[in-house]
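Comments concern the structure below.
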Amino acid sequence: ALNYEAKKIVPLPLEEMILDWKILRDAPQEAAKLLPGAGRRDKGMRVLLTAAPKNLVKQYLEIFSQANLELLSLETEAFALGRSLLGNDPSLVLIVDIGALTTDIVIVDDHIPVFNRSIDVGGVTVTKAISNSLNVDTARAEQFKRDVGIVQAAGGPTGVPNAIKETISSIINEMKYSLSLYQADRDKSVEKIILTGGSAWLPNL
């Protein structure tokens, strides 16, 4: 049954993916919301499904093998973020991982990633925007980004903050969209937002 359901949501052919799943603690009322007509306890269950591309897993296996290390398990980045940043905190939390090339948005509820989106905007995107705005090379644009950040410094280079703001706005909009999408039919609201990733160090972000 899980393989059949997975075909609806996994973006790649199942033969190219490794699937793993876990039955979550019994919550028939929640299942009834997700599955129309599933009011009875035996009509629905909540299952956490995880998928990873086989070729990516194979790369990790080869790396560990060459390093003569015994690999016990692998987990997706969403799980790793929740585990490392939240610890025993059961709150409903939005994690925004702003990396060099992408930004991952993960909503974690009671230690379980329940929502995950990724957009192709990151620190490199901000640097390129500054470079184009000021017509300077990448190295200088990177230094401007680290020194100036979101707020215009007195006497600082004009155009830098706006270039950053325009790029960061796409991340903010995606955060708002993710929150509205997840919370639309739920009683709980996100309690915290955690910023992480190298580009989260952007001054005044």
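The values are calculated or read from the model by the stated rules, or taken from the named source; none is laboratory data. All of these numbers come straight from a predicted model, not from anything done at the bench. Neighbour counts run over all protein chains shown; Cβ positions are idealised from the backbone, glycine included. Ligands, DNA and RNA are stripped out before the accessible areas are found, and what is left, the full protein with its side chains, is counted by its heavy atoms. Shrake-Rupley method; radii C 1.70, N 1.55, O 1.52, S 1.80 Å.
Here are some notes:
- Placing dummy labels 7 Å off each Cα toward the beta-carbon, the span from D20 to T50 is 0.4 nm.
- Pairwise FRET efficiency - K176 versus L134, Cβ, R0 = 25 Å, nearest 0.05: 0.30
- Accessible area per residue for the chain, computed on protein heavy atoms with a 1.4 Å probe, is 65 Å².
- At R0 = 45 Å, FRET efficiency that the Cβ-Cβ distance of K165 and E70 yields, to 0.05: 0.40
- For segment 170-182, 3J(HN,Hα) per residue [Karplus equation, 6.51 cos²θ - 1.76 cosθ + 1.60, θ = phi - 60°, Hz, x = Gly/Pro]: 5, 5, 4, 4, 5, 4, 4, 5, 4, 4, 5, 5, 6
- Taking a point 7 Å out from the Cα of T102 in the direction of its Cβ, the residues of segment 184-199 whose backbone N falls within less than 18 Å of it are 196-199.
- Percentage relative contact order, the chain, counting C-alpha pairs under 8 Å, at least six apart: 17 percent
- Annotation for E5 and S118: the two label points, set 7 Å from Cα along the Cα-Cβ direction, are 2.3 nm apart.
- Sequence-distant lysines (8 or more away, or on other chains) whose Cα lies within less than 19 Å of K22: K7, K8, K43
- Long-range HN-HN contacts of F115 with modeled amide H, under 5 Å: I107
- Isotropic mean projected area of the C-alpha convex hull, the chain (nm²): 15.0 nm²
- Cleavage-rule hits, GluC sites (Glu not before Pro), segment 54-111, DSSP coil, Cβ neighbours within 10 Å at most 14: E70, E75
- Carbon and sulfur %, accessible surface of the chain computed with the full protein complex present, 1.4 Å: 53 percent
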